[in-house]
Amino acid sequence: MALDQSALLDLLTQLKATEVTDRVRTATEKLYQELIDAEAAAFIGAAPFERSPDRIVHRNGTRSKTITTTAGQLDLRIPKLRQGSFFPSLLERRRRIDQALFAVVMEAYVHGVSTRKVDDLVRALGADTGISKSEVSRICADLDEDVAAFTNRSLTTTTYPYVFVDATYCKARVGRQVVSQAIVVAVGVAADGRREVLGFDVGDTESEPFWTDFFRSLKARGLSGVRLVVSDAHSGLVAAIGTCFQGTAWQRCRVHFMRNVLAKVPKVAAPMVAAIIRTIFVPRGKRELVHGQFDEVVAMLTRSHPAVAEMLDEAREDLLAFTEFPPAHWQQIWSTNPLERQNKEIKRRTNVVGVFPNPAALLRLAGHVLIEQHDEWNSADRRYFSENSMKLIGTNFEEVNIAAIDAA
């Protein structure tokens, strides 16, 4: 849309009243805005207040957007629509995770903990001229609002029979020290078989009080119907599960248990011991067969590795909790492996930053990784478990042909 003479004179007056060093920014901002408005008019099929048979939708105000360019920060207005959405092709739409990464790097840059690597990242993200503290605050405020909205959303719309919990660790500055911070994550499988990220938090340790507060916050938001919690055997975590989920079964992650076992076995014997224990978890379809194989493995290892046999026997109920649920679910509920992909993605993203300027920055980035995963699951056609098989939880599932139900 070309500027008419009146608009050009208004721009000239505005530039005259502007400092010389800021005139390029002002002119660039005006140009960007005109291009955005022109593209919006073409998209809508009509200019503002214009009656046109080509109009396909009406405007609904604008939203502000600040972008960083080599000319400086530009304050722009993006038209909103009553139906659908419009985003200018001139601007680069950042994915949620990229926004969080951008904010973290910027915050590190402003707080004086930048390195050559961080400076290169700043430039790679398009902020060649650096960035101001106000820009960092604005970006972080928007992202923190998204995290708060997600972690405070209601969980009352459905029940979650299965809940997986785990933690991964990253480095962050607390005061003047760099310390390890735990990112704790809870993922639930809803009654219709879909996975959801229920919540996440960052804390100093995996202590019982921390986990207890975390679980209570989930229940306060409406988490209910939990039949099985899957996690490793960290003492604080297990105690918190017992406190907050009384009457709920606990499945000890078989992968974490195997690591604990192999740590007590000579390296030369580790492959053999691992192979023997894995035979317990070969899908057999019947609870009695799994328990029978467990007894055989314990008897076998009692002769060669009595300490391992004792560990197995003590963990029997916790390792075999999955057998009380539909066999079609066994392979996906006997470990926390469903969280491994999320943990790896968190680590991949956080490794870019290295040491976070504070725990809030860590929560911001890790949170948006998890929110994006949640959105991906919500939009996927395929469910983690079929809705029909989820209905079998709590029934005598061994007398039911699950394959036939799923096919129906």
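Report, by residue number, each residue of the stretch 192-205 that is in a loop (DSSP other than H, G, I, E, B) and either crowded, with 18+ Cβ neighbours inside 10 Å or among the hydroxyl-bearing types (Ser, Thr, Tyr) (or both).
Within the stretch 192-205, the subset in a loop (DSSP other than H, G, I, E, B) is 192-194, 204-205.
Scanning the stretch 192-205 gives 193, 194, 205.
Would a scan of the stretch 171-186 turn up a residue that is in contact (Cβ under 8 Å) with a residue 40 or more places away in the chain and not in a strand (DSSP E or B)?
no
Going by the structure shown, is residue 202 in the same structural domain as residue 251 (by TED's automatic domain parsing), at pLDDT 95 or above and either in contact with a Leu (Cβ under 9 Å, 6 or more places away or on another chain) or not basic (Lys, Arg) (or both)?
Details: in the same structural domain as residue 251 (by TED's automatic domain parsing): yes; at pLDDT 95 or above: no; either in contact with a Leu (Cβ under 9 Å, 6 or more places away or on another chain) or not basic (Lys, Arg) (or both): yes.
In short, no.
Which condition does residue 155 not pass, out of (1) under 20 Å from residue 321 (Cβ atoms); (2) modelled with pLDDT of 90 or more; (3) among the aliphatic types (A, V, I, L, M), if it passes all the others?
(1)
Restricting to the stretch 213-261, give me the number of residues that are within 30 Å of residue 272 (Cα to Cα), without any contact (Cβ under 8 Å) to a residue 40 or more places away in the chain and touching a Phe, Trp or Tyr at 6+ places or on another chain (Cβ under 8 Å).
The total comes to 1.
Yes or no, residue by residue, for (1) modelled with pLDDT of 95 or more; (2) not aliphatic (A, V, I, L, M):
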| residue | (1), (2) |
| --- | --- |
| 218 | yes, no |
| 243 | no, yes |
| 246 | no, yes |
| 258 | no, no |
| 264 | no, yes |
| 267 | no, yes |
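Six or more apart or on different chains, Cβ under 6 Å: which pairs go from a residue in the stretch 39-57 that's under 17 Å from residue 84 (Cβ atoms) and assigned by TED's automatic domain parsing to the domain that holds residue 79 to one that's among the hydrophobic types (A, V, I, L, M, F, W, C) and in a loop (DSSP other than H, G, I, E, B)? Could you list them?
Close Cβ pairs (under 6 Å, with a partner that is among the hydrophobic types (A, V, I, L, M, F, W, C) and in a loop (DSSP other than H, G, I, E, B)) amount to 40/86; 41/47; 43/86; 44/57; 45/56; 55/46.
List the pairs whose first member sits in the stretch 375-401 and is under 20 Å from residue 339 (Cα atoms), whose second member is at pLDDT below 85, and whose Cβ atoms are under 7 Å apart, counting only residues at least 6 apart or on separate chains?
These pairs meet every condition: 386/406.
Which one of these is more than 18 Å from residue 364 (Cα to Cα), crowded, with 23+ Cβ neighbours inside 10 Å, at pLDDT 90 or above and touching a Gly at 6+ places or on another chain (Cβ under 8 Å): 189, 163?
Working: 189 fails: touching a Gly at 6+ places or on another chain (Cβ under 8 Å).
Selected residue: 163, the only one of 189, 163 that is more than 18 Å from residue 364 (Cα to Cα), crowded, with 23+ Cβ neighbours inside 10 Å, at pLDDT 90 or above and touching a Gly at 6+ places or on another chain (Cβ under 8 Å).
Could you tell me how many of the residues in the stretch 46-89 are more than 15 Å from residue 31 (Cα to Cα) and assigned to a loop (DSSP other than H, G, I, E, B)?
19
Does residue 268 qualify as being surrounded by fewer than 17 Cβ atoms within 10 Å (Cβ to Cβ) and in a helix (DSSP H, G or I)?
Working: surrounded by fewer than 17 Cβ atoms within 10 Å (Cβ to Cβ): yes; in a helix (DSSP H, G or I): no.
Answer is no for this residue.
Here are some conditions: (1) over 25 Å from residue 163 (Cβ atoms); (2) assigned to a loop (DSSP other than H, G, I, E, B). Residue 300 meets all but one. Which one does it not meet?
Every listed condition holds for residue 300 apart from (2).
This table checks each residue for (1) in the same structural domain as residue 179 (by TED's automatic domain parsing); (2) at pLDDT below 90; (3) buried (at least 20 other Cβ atoms within 10 Å of the Cβ).
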{"position": "307", "(1), (2), (3)": "yes, no, no"}
{"position": "334", "(1), (2), (3)": "yes, no, yes"}
{"position": "337", "(1), (2), (3)": "yes, yes, no"}
{"position": "341", "(1), (2), (3)": "yes, yes, no"}
{"position": "369", "(1), (2), (3)": "yes, yes, yes"}
{"position": "399", "(1), (2), (3)": "no, yes, no"}
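Please verify whether residue 240 is assigned by TED's automatic domain parsing to the domain that holds residue 342 and touching a helix residue (DSSP H, G or I) at 6+ places or on another chain (Cβ under 8 Å), treating the condition exactly as stated. Even if it seems obvious, please write down each step before you answer.
On the way: assigned by TED's automatic domain parsing to the domain that holds residue 342: yes; touching a helix residue (DSSP H, G or I) at 6+ places or on another chain (Cβ under 8 Å): yes.
So residue 240 fits the description; yes.
For the stretch 220-265, how many residues are of a type in the set (S, T, N, Q), outside any loop (DSSP other than H, G, I, E, B) and touching a strand residue (DSSP E or B) at 6+ places or on another chain (Cβ under 9 Å)? Show your work before the answer.
From the stretch 220-265, those of a type in the set (S, T, N, Q) are 224, 231, 235, 243, 246, 248, 251, 260; that's our starting set.
When the remaining residues are screened for being outside any loop (DSSP other than H, G, I, E, B), the result is 231, 235, 243, 251, 260.
Filter again for touching a strand residue (DSSP E or B) at 6+ places or on another chain (Cβ under 9 Å), leaving 231, 251.
Residues flagged as of a type in the set (S, T, N, Q), outside any loop (DSSP other than H, G, I, E, B) and touching a strand residue (DSSP E or B) at 6+ places or on another chain (Cβ under 9 Å) within the stretch 220-265 amount to 2.
What about residue 217, is it touching a strand residue (DSSP E or B) at 6+ places or on another chain (Cβ under 8 Å), polar (S, T, N, Q) and not in a strand (DSSP E or B)?
Working: touching a strand residue (DSSP E or B) at 6+ places or on another chain (Cβ under 8 Å): yes; polar (S, T, N, Q): yes; not in a strand (DSSP E or B): yes.
Spelling it out, residue 217 is indeed touching a strand residue (DSSP E or B) at 6+ places or on another chain (Cβ under 8 Å), polar (S, T, N, Q) and not in a strand (DSSP E or B).
The values are calculated or read from the model by the stated rules, or taken from the named source; none is laboratory data. Just so it is clear, the structure is predicted and the values come from calculations on it, not from any experiment. Note that each Cβ is placed from the backbone with ideal geometry, even for glycine, and that neighbours are counted across all protein chains shown.
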